[in-house]
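The values are calculated or read from the model by the stated rules, or taken from the named source; none is laboratory data. Keep in mind that what you see is a predicted model, and the values were worked out from it rather than measured. A quick note on method: Cβ atoms are made from the backbone with ideal geometry, for glycine too, and the neighbour counts reach across all protein chains shown.
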Amino acid sequence: MTTLSDRPPKNPAPAAPTMSERNTQKAHSLGLTSATALVIGSIVGTGVFTMPAVMAGAGTMSIIVLGVIAVGAMLLAVMFGQLTKRIPNSDGGLYAYSRHEFGDFAGYLVGWCYWIQSWAGNAAIVSSWVFYVDALFNFTHPSGMQNWGIAMVGLWIPAAINLFGVRQMAWFQNVSVVLKFLPLLFVGVAGWFFVESAHFGPFNASGGSLYSGIGIAAGVALFSFIGVEAAAVTAKRVRDPRINVGRASVYGTVASALLYVLVTAAVMGLVAHHTLIGTGSPFVNAFHTMFPHSSWAPRFIAALAVISGIGALNGWTLIVTETSRAIAQDDLFPRPFAWKDRRGTAWFGILVGTALPSLLMLWRYSTSSGLTVFTYLVDLSVVTVAIPYFFSALAQLTYLVSRRRRVQGWQLARDLSIAGASVLFSMWVTFASGYQVVYQALVVLLAGLVLYAFLNARRERLGESIEPVDLPFEELSPVSET
């Protein structure tokens, strides 16, 4: 059997858009401010409001781990900007990078993993969001089904906003980013005046080796930075993507990284360690310390966390939809995911991308509760996103060591360092996640390959991919009998 490349054929240059098409594109595009807000809103969700509690379980060393993850996330942000500049069709972001460099199969594999991560990540965000809804309305002992009902509100309100179109989504995203970023910055700065050194736990509080503690911290830290690629994934919606995708990715990641480190360390010093590791809403406890005689302060931060979660889910609903739409348009995913309404909204992708985390939350709330739900969903999201990060870094590395590259000298050394560090960073994150989570992610990946087998067979029938050439049966060498 001959081996044939499944690289997509080069498309002819597109015709210049008409005035009407340009106006429609402009109305449905995100400028630098909105793209940066999308990155910040996707990174800074409700995860930051639960992260200090999970980090405290690893110990104060988790602050160092958070800083290392922040540096890795910044390198990824720079790399995504470089990839978007040179790849002519970056629709779908990480999926498009891998497909461009390695062909349809690699593109599908990355797209599948990222799509799974996106809606599973929405489930993780909403599980954290539920903690603060409970705190806001003083639900002391809600049942699993009550929390599931609350989660449905958090998932389907952003879905409804996205169904109205990108312009409404962008407006809501900008407002929600301001409403959550400034108060969090207040805690990260003013909170240090109330910090007590006795509240900080041991350097390694995991109860195991230093490596196991790093694994605990690394998982939730990386999850908190997922979203650095938001502008790249939605490049089709970003105005002048060759410039604005890179800028939005870097600006949003740097701002989020500074906020994370300041806020997480401050909360660890505001809340006693034994209290922090047992709560799902640590910022409520932190505001109790800062404003001990105020009844409104804890409710205020809980309300901000609720708004923050809706903002993050709003942005991630768009990312889930754009990921599946881009793959489906290339006929590497079921075609209904590319269906669009008159606003250009891929409505089927929104509905399915919201229904799946709804079912996942129903299962998790039926079998477990508390931080266990959040931690499980975080771990699943981290491993499934590390694979697309890894392939994107490999795509950039392949280009840099090929004869196609246009960068030389110190710029080549710089770009090779960024791509190489991103490869190692993605591998380390996968390794540090633990065997059980990697095993579960592998099962999810293999399930996607079953779907690809049917999709690829359909593409061969339609002439959209090259069929392998098999030898006729009579030309096969006979098997000798013993």
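Tell me which residues, restricted to region 48-69, are within 13 Å of Ala205 (Cα to Cα) and either touching a His at 6+ places or on another chain (Cβ under 8 Å) or among the hydroxyl-bearing types (Ser, Thr, Tyr) (or both). The answer is Ala56, Thr60, Ser62.
Among the conditions (1) within 30 Å of Leu109 (Cβ to Cβ); (2) surrounded by fewer than 24 Cβ atoms within 10 Å (Cβ to Cβ); (3) touching a residue at least 24 places away in the same chain (Cβ under 8 Å); (4) aliphatic (A, V, I, L, M), Ile327 misses just one, which is (2). The set of residues in region 245-261 that are in contact with a Leu (Cβ under 7 Å, 6 or more places away or on another chain) and crowded, with 24+ Cβ neighbours inside 10 Å comprises Ala248, Tyr260. I'd like the residue in region 158-173 that is at pLDDT 70 or above and within 18 Å of the chain's Cα centre (by Cα) and, out of all such residues, is surrounded by the fewest Cβ atoms within 10 Å (Cβ to Cβ). Filtering first and then ranking leaves Ala159. Of all residues in region 334-357, those satisfying the criterion of being closer than 9 Å to Thr321 by Cα and part of a loop (DSSP other than H, G, I, E, B) are Thr345, Ala346.
Per the listing Arg237, Arg242, the residue uniquely basic (Lys, Arg) and either closer than 19 Å to Ala218 by Cα or touching a Leu at 6+ places or on another chain (Cβ under 8 Å) (or both) is Arg237.
Inside region 438-476, residues that are at pLDDT below 80 and assigned to a helix (DSSP H, G or I) make up a count of 3.
Consider Tyr376 carefully, then state whether it is in contact (Cβ under 8 Å) with a residue 40 or more places away in the chain and of a type in the set (Phe, Trp, Tyr).
Details: in contact (Cβ under 8 Å) with a residue 40 or more places away in the chain: no; of a type in the set (Phe, Trp, Tyr): yes.
Judged against the criteria, Tyr376 is not a match.
Before we move on, is Leu442 in contact (Cβ under 8 Å) with a residue 12 or more places away in the chain and within 20 Å of Val383 (Cβ to Cβ)? Write out each step before concluding.
Values: in contact (Cβ under 8 Å) with a residue 12 or more places away in the chain: no; within 20 Å of Val383 (Cβ to Cβ): yes.
In short, no.
Could you list, in sequence order, all residues of region 265-285 that are in contact with a Gly (Cβ under 7 Å, 6 or more places away or on another chain) and either farther than 11 Å from Trp192 by Cα or surrounded by fewer than 21 Cβ atoms within 10 Å (Cβ to Cβ) (or both)? Listed by number, the residues that qualify are His273, Ile277, Gly280.
When region 192-222 is limited to residues that are assigned to a helix (DSSP H, G or I) and among the β-branched types (Val, Ile, Thr), the one that is nearest to the chain's Cα centre (by Cα) turns out to be Val220. Applying the set (1) buried (at least 24 other Cβ atoms within 10 Å of the Cβ); (2) within 20 Å of Ser256 (Cα to Cα) to Val65 leaves exactly one unmet item: (1). Scan region 401-416 for residues that are in contact with a helix residue (DSSP H, G or I) (Cβ under 9 Å, 6 or more places away or on another chain), assigned to a helix (DSSP H, G or I) and without any contact (Cβ under 8 Å) to a residue 24 or more places away in the chain and the total you get is 3.
Yes or no: Gly434 at positive phi and either at pLDDT below 90 or out of contact with any helix residue (DSSP H, G or I) (no Cβ under 6 Å at 6 or more places or on another chain) (or both)?
Numbers: at positive phi: yes; either at pLDDT below 90 or out of contact with any helix residue (DSSP H, G or I) (no Cβ under 6 Å at 6 or more places or on another chain) (or both): yes.
The answer is yes for Gly434.
Take the conditions (1) at pLDDT 85 or above; (2) of a type in the set (Ser, Thr, Tyr); (3) under 17 Å from Ile243 (Cα atoms); Ser90 misses just one of them, which is (1). Exactly one residue among Ala297, Ala302 is out of contact with any Cys (no Cβ under 9 Å at 6 or more places or on another chain), touching a residue at least 60 places away in the same chain (Cβ under 8 Å) and in a helix (DSSP H, G or I), and that residue is Ala302. Close contacts from region 223-246, counting a first residue that is closer than 11 Å to Ser42 by Cβ and assigned to a loop (DSSP other than H, G, I, E, B) and a second that is at pLDDT below 85 and hydrophobic (A, V, I, L, M, F, W, C), with Cβ to Cβ under 6 Å and a gap of 6+ residues or different chains, come to Gly227/Ile43.
Phe139 - would you say it is surrounded by fewer than 21 Cβ atoms within 10 Å (Cβ to Cβ), out of contact with any strand residue (DSSP E or B) (no Cβ under 7 Å at 6 or more places or on another chain) and of a type in the set (A, V, I, L, M, F, W, C)? Working first, answer last.
Working: surrounded by fewer than 21 Cβ atoms within 10 Å (Cβ to Cβ): yes; out of contact with any strand residue (DSSP E or B) (no Cβ under 7 Å at 6 or more places or on another chain): yes; of a type in the set (A, V, I, L, M, F, W, C): yes.
Spelling it out, Phe139 is indeed surrounded by fewer than 21 Cβ atoms within 10 Å (Cβ to Cβ), out of contact with any strand residue (DSSP E or B) (no Cβ under 7 Å at 6 or more places or on another chain) and of a type in the set (A, V, I, L, M, F, W, C).
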